[in-house]
C-alpha cells in the first residue's frame, strides 16, 4: 500500500523530504489515524481532503512503472505509446484507489 507513497518499485525510500510529506506519507498517516479514531464521518471527511494528494503522488510512480513495462512489451507510434501509457496509469490508479478505499473502509 505504501509503494510510491514511501518507497519505489525497488524499495528505495522516496518522499522523505518534509515538503513532500503532506502529499505522501503524512496524508496516509492522517487517514490511518482517522481510521483508528473509529469516527466514520471524520474518516470520510479526511479521505475527501487527502485522496487527491495521494493520487497525485502515486500517479507519478505509476507513470515510471508503466514506462518501464512498456520498454519490453509495447511497440507503437509516439501517439500510441502515449495513449497506452495513459491507459495503464489510469488502470493502476483506479485499482490502487479501490484497494485504499477498502483498506480505510470508505467505499
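The values are calculated or read from the model by the stated rules, or taken from the named source; none is laboratory data. No experiment lies behind these values; they were computed from the predicted model shown. Here the Cβ positions follow ideal geometry from the backbone for every residue, glycine too, while neighbour counts run over all protein chains shown.
So that you can scan it fast, the table gives a plain yes or no per residue for (1) modelled with pLDDT under 95; (2) under 12 Å from the mean Cα position of the chain (by Cα); (3) closer than 30 Å to residue 34 by Cβ:
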| position | (1), (2), (3) |
| --- | --- |
| 53 | yes, yes, yes |
| 58 | yes, yes, yes |
| 68 | yes, no, no |
| 84 | no, no, no |
| 88 | no, no, no |
| 98 | no, yes, yes |
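With the requirement that a residue be touching a helix residue (DSSP H, G or I) at 6+ places or on another chain (Cβ under 6 Å) and either part of a helix (DSSP H, G or I) or surrounded by 15 or more Cβ atoms within 10 Å (Cβ to Cβ) (or both), what does the stretch 60-92 give you?
62, 63, 66, 85, 88, 89, 92
Filter the stretch 94-107 for residues that are surrounded by fewer than 17 Cβ atoms within 10 Å (Cβ to Cβ) and closer than 12 Å to residue 59 by Cβ and give the result.
Of everything in the stretch 94-107, those that are surrounded by fewer than 17 Cβ atoms within 10 Å (Cβ to Cβ) and closer than 12 Å to residue 59 by Cβ turn out to be 94, 97.
Conditions first: (1) surrounded by 13 or more Cβ atoms within 10 Å (Cβ to Cβ); (2) assigned to a helix (DSSP H, G or I). Residue 5 passes all but one, so which condition is the exception?
Residue 5 satisfies all of (1) surrounded by 13 or more Cβ atoms within 10 Å (Cβ to Cβ); (2) assigned to a helix (DSSP H, G or I) except (2).
How do the pairs read when you match residues in the stretch 54-69 that are on the phi > 0 side of the Ramachandran plot and in contact (Cβ under 8 Å) with a residue 40 or more places away in the chain with residues anywhere that are surrounded by fewer than 21 Cβ atoms within 10 Å (Cβ to Cβ) and assigned to a helix (DSSP H, G or I), using Cβ under 7 Å and keeping only pairs 6 or more apart or on different chains?
Final answer for the pair search is none.
Name the residues in the stretch 17-51 that are surrounded by 12 or more Cβ atoms within 10 Å (Cβ to Cβ) and at pLDDT below 85, would you?
Matches in the stretch 17-51: 20, 21, 22, 23, 24, 25, 26.
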